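Each remark here refers to the structure printed beneath this line.
The values are calculated or read from the model by the stated rules, or taken from the named source; none is laboratory data. Since we're looking at a predicted model, the values are computed, not measured. Cβ atoms come from the backbone with ideal geometry, glycine included; neighbour counts cover every protein chain shown. Protein only, heavy atoms only, side chains kept; ligands, DNA and RNA dropped before computing areas. Shrake-Rupley method; radii C 1.70, N 1.55, O 1.52, S 1.80 Å.
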Amino acid sequence: MRKIDMIVVHCSGSRCNHRYTMKMLRYDHVHNNGWTDIGYHFYITLDGVVHACRPVERMGSHALGYNAHSIGICYEGGLDENGKPADTRTLAQKVTMEELLKSLRKDFPDAAILGHRDLPGVRKECPCFSV
């Protein structure tokens, strides 16, 4: 098992008034990025459904320089209708994210939970809220 010391929260960078489905996410990560699969371990869609992407035992591809020892969670959204960074999480996404983080905290009690933007050297708004 990998040593996990971080759980990193991301947003998909999609507008809240446009869907960004698992199928679209997979296409972008595989065809556009050239990866073998989705880089996140979990993806939470607008309806609050959490989708398991990569197994936690496998290194993700979501935070350059931190992938070897972290778990990546992404929620659908992060941009308002005009494409500006915003906390666009639905109530269902907020509830699901909290439940997922609590569950992961049980398995990885020493892991820091932070936003992508909180990592040193990252110059993004992602996940567009204070984790």
| request: Give the residues of segment 1-36 whose amide nitrogen is closer than 11 Å to a point set 7 Å from the Cα of Glu57 in the direction of its Cβ. | output: 1-2
| field | DSSP-loop GluC sites (Glu not before Pro) across segment 54-131, with at most 13 other Cβ within 10 angstrom | value | Glu57, Glu81
| Sorting Asp107, Asp5 by accessible area (1.4 Å probe), largest first, what list results? | Asp107, Asp5
| query | Separation between the Lys94 and Val30 pseudo-spin-labels, each 7 Å from Cα along Cα→Cβ, expressed in nm? | reply | 3.5 nm
| request: Please work out the average accessible area per residue across segment 24-102, using the 1.4 Å probe convention, and give it in Å². | output: 49 Å²
| field | Degrees, to the nearest 10: 91-107 long Cα axis against longest axis of the chain | value | 10 degrees
| query | When all protein chains stay in place, what accessible area (Å², nearest 10, 1.4 Å probe) is found for Ile7? | reply | 0 Å²
| field | Counting DSSP beta bridges with both ends in segment 5-131, the antiparallel % (nearest 5) | value | 20 percent
| said: Let me spell out the model: positive unit charges on the Cβ of Lys and Arg, negative unit charges on the Cβ of Asp and Glu, origin at the Cα centre of segment 1-83. What dipole size does that give, in debye rounded to 20? | reply: 260 debye
| task | Considering only protein heavy atoms, with the full assembly of protein chains and a 1.4 angstrom probe, order Met59, Met1, Met97 by accessible area, largest first. | result | Met1, Met59, Met97
| said: How large is the accessible surface of Tyr27 in square angstrom, using a 1.4 angstrom probe and rounding to the nearest 10? | reply: 120 Å²
| task | Compare the Cα positions of Cys11, Leu64, Phe129 along the charge dipole of the chain (+1 at Cβ of Lys, Arg; -1 at Cβ of Asp, Glu; about the Cα centre) and return the one farthest towards the positive end. | result | Leu64
| task | Assign one of three labels to the chain, namely rounded, prolate or oblate, based on the Cα gyration tensor with a ≥ b ≥ c the square roots of its eigenvalues; rounded applies when a/c is under 1.5, prolate when it is not and a/b is larger than b/c, and oblate otherwise. | result | rounded
| Carbon and sulfur: what percent of the chain's accessible surface (1.4 Å probe)? | 52 percent
| task | Indicate the gyration tensor shape class of segment 50-100 (rounded, prolate or oblate), computed on the Cα atoms with a ≥ b ≥ c the square roots of the eigenvalues: a/c under 1.5 is rounded; otherwise a/b larger than b/c is prolate and the rest oblate. | result | oblate
| note | On the formula 1/(1 + (r/R0)^6), with r taken between the Cβ atoms of Asp87 and Asp47 and R0 of 22 Å, the FRET efficiency rounded to 0.05 is 0.80
| request: Treat each spin label as a single point 7 Å out from the Cα along the C-beta direction, and report the Ile113 to Leu64 distance in nm. | output: 2.8 nm
| task | Give me the accessible area of His18, 1.4 Å probe, in Å² rounded to the nearest 10. | result | 110 Å²
| query | Residue-wise, which Karplus ³J(HN,Hα) couplings in Hz belong to segment 12-24, taking 6.51 cos²θ - 1.76 cosθ + 1.60, θ = phi - 60°, and x for glycine or proline? | reply | 6, x, 10, 6, 5, 9, 9, 6, 9, 6, 4, 4, 5
| In what sequence, largest accessible area first, do Arg89, Arg26 appear using a 1.4 Å probe? | Arg26, Arg89
